[in-house]
Amino acid sequence: MNTWWSAPTGRPAPLIGFGEVRHTRLRPARNHFVYPTYFLMLPMRRLRAMPHADLARNRFGLISFHDRDHGDGRADSLAWLDELLQREGIDDATGEVWLHCYPRVLGHTFKPVSFWYCHRGDGTLRAVLVEVNNTFGERHCYLLHGAQLAYGGEQRATKVFHVSPFCEASGEYLFRFLHSEAAPAGARIEGSVGRTVARIDHADAHGALLQTSVSGSLVPLSARTLRRAFFGTPLMTLGVLARIHWQALKLAAKRVPFFRKPRPPADFVTR
C-alpha cells in the first residue's frame with residue numbers, strides 16, 4: 001500500500017505539521033504541560049533531486065531549513081546521514097528519508113529532538129535516527145534499527161546523554177512512532193494528508209519517569225501554510241526556550257532533585 005511516507009513509486013513533497021507537544025513527569029512531583037507547535041516533515045532524497053520553491057533552504061526566511069543545524073554541521077545533512085548509516089552496516093536504506101524537525105524562525109532555531117525516518121527501496125522502515133540537542137550546545141544521536149523496527153512498535157535505547165538537570169543520564173528511553181494517512185476527527189485540519197506521532201518515554205531504575213510526545217496533522221508545505229505557521233506562532237523558537245526554562249523553574253519550586261551535567265558521551269551515536 002502506498003502511503004505519503006513510504007510510497008516507493010510516489011512523488012513525496014515537503015509537509016508541515018500542526019499539533020502539540022505533551023510532557024508529563026510522574027515523580028517525585030507530578031508536572032504536566034501541553035503546548036501547541038508546528039514542525040517540518042521533509043523528504044530529503046526528493047529535495048536533493050528537486051528543491052521546493054516555497055522552502056527556504058540554507059538561506060534566510062521567515063521559516064527556513066538549514067542543513068548545518070543537523071549532524072556534523074555540513075552543508076548536506078543527507079550525505080552525513082548516509083555516511084553514518086554505512087558505518088553502522090546499514091546499506092539498504094536507499095528509499096525516502098523523512099526528516100521531522102523544527103525549522104529556523106527568523107534565522108534562529110533550537111531543536112530539542114529531530115527524527116530521521118529511513119526507508120528501504122520498497123518503502124518499509126529500515127532505521128530511525130533520533131537526534132537530540134540540549135541547551136548546552138551538545139548533540140547526540142540514538143540509532144534504532146533491527147528486525148523488530150516498525151511503525152507502531154516499541155524501541156528501546158539506553159539513555160546516555162544529558163538533557164535536563166532534573167533527570168540523570170541513566171535508565172532507558174522507550175520510543176514509539178505512529179504514522180497514518182488520516183487524523184482522528186477531533187485532530188483533523190483542512191488539507192491534511194496524514195498524521196504523525198513520535199513518543200519518547202523515559203524510565204529509570206524505579207520505573208516510568210517521563211512521558212513525552214510530539215504529534216500533528218500534516219499538510220503540504222506551501223507559501224500559505226508557512227504563513228499560517230509563522231503568523232500563528234511568530235516567535236516559536238524563543239517560545240520553545242522560554243517554556244523549557246519556565247518548566248525548569250516550576251520543577252525547582254517543587255524541589256525536584258537537581259543533577260549536575262556530566263561529560264558528554266564519548267561516542268556520538270548510541271545504538
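In the chain, Cα pairs under 8 Å separated by at least six residues give a relative contact order of 21 percent.
Largest GNM mean-square fluctuation among Glu190, Glu181, Glu20, using the chain with Cα springs under 10 Å: Glu190. With N the number of residues in segment 117-213, Rg(Cα) / (2.2 N^0.38 Å) evaluates to 1.23. Could you work out the relative contact order of segment 1-73? I mean the mean sequence separation of Cα pairs under 8 Å and 6+ apart, divided by the number of residues, in percent. Dividing the mean separation by the residue count of segment 1-73 yields 22 percent. Note on surface exposure: Glu131, Glu88 rank Glu88, Glu131 by accessible area, highest first, 1.4 Å probe. Think of a 1.4 Å ball rolled over the protein heavy atoms: segment 146-271 then has 57 Å² of accessible area per residue.
What you get for segment 131-234, charging only the Cβ of Lys and Arg (+1) and of Asp and Glu (-1), is a dipole of about 500 debye around the Cα centre. Can you give the extra length, in nm with one decimal, that the chain gains between Ala147 and Ala252 once fully stretched, where that is 0.36 nm per residue apart less the Cα-Cα distance? Computed gain between Ala147 and Ala252 is 33.6 nm. Excluding ligands, DNA and RNA, the accessible surface per residue across segment 1-81 is 47 Å² with a 1.4 Å probe. The distance between label points at Arg59 and Ala205 comes to 5.5 nm (points 7 Å beyond Cα on the Cα→Cβ vector). Between Val34 and Thr158, the C-beta separation translates, for a Förster distance of 22 Å, into a calculated FRET efficiency of about 0.20.
In segment 151-271, taking the dipole from charged Cβ atoms about the Cα centre, the farthest positive-side position among Pro264, Thr225, Ala157 is held by Thr225.
Taking the protein heavy atoms of segment 41-118 in the context of the full set of protein chains, the accessible area attributed to carbon and sulfur is 53 percent at 1.4 Å.
A simple spin-label model places the labels of Ser170 and His245 3.0 nm from each other, with each point 7 Å out along Cα-to-Cβ. With the cut-off at under 20 Å, measuring from each backbone N in segment 57-74 to a point 7 Å along the Cα-to-Cβ line of Arg228 picks out 62-65. Subtracting the Cα-Cα distance of Glu83 and Leu235 from 0.36 nm times their residue separation leaves 51.3 nm of extension gain. Its Cα gyration tensor gives segment 213-271 an equivalent ellipsoid, and the semi-axes of that ellipsoid, as √(5λ) in whole Å with the largest first, are 32, 20, 11. Cα gyration tensor of segment 113-160, axes a ≥ b ≥ c as square roots of the eigenvalues: rounded (a/c below 1.5), prolate (a/b > b/c) or oblate? Cα axes put segment 113-160 in the prolate bin. Listed by chain and number, the aspartates and glutamates whose alpha-carbon sits under 14 Å from that of Lys111, ignoring those within fewer than 8 places in the same chain, are Asp67, Asp69, Glu131, Glu138. Counting 0.36 nm for each residue step from Ala49 to Arg263 and taking away their Cα separation leaves a gain of 73.1 nm. Ile63 exposes around 10 Å² of accessible area when a 1.4 Å probe is run over every protein chain in place. By the equivalent-ellipsoid construction on the alpha carbon gyration tensor, the chain comes out with semi-axes of 28, 22, 19 Å, ordered largest to smallest. Taking a ≥ b ≥ c as the square roots of the eigenvalues of the Cα gyration tensor, segment 135-271 is classed as oblate, since a/c reaches at least 1.5 and a/b does not exceed b/c.
The values are calculated or read from the model by the stated rules, or taken from the named source; none is laboratory data. Only a predicted model underlies this, so the values are computations on that prediction, with no experimental measurement involved. With ideal geometry, Cβ positions are generated from the backbone for all residues, glycine too; neighbour counts draw on all protein chains shown. The accessibility values were calculated without ligands, DNA or RNA, using every heavy atom of the protein model including side chains. Shrake-Rupley method; radii C 1.70, N 1.55, O 1.52, S 1.80 Å.
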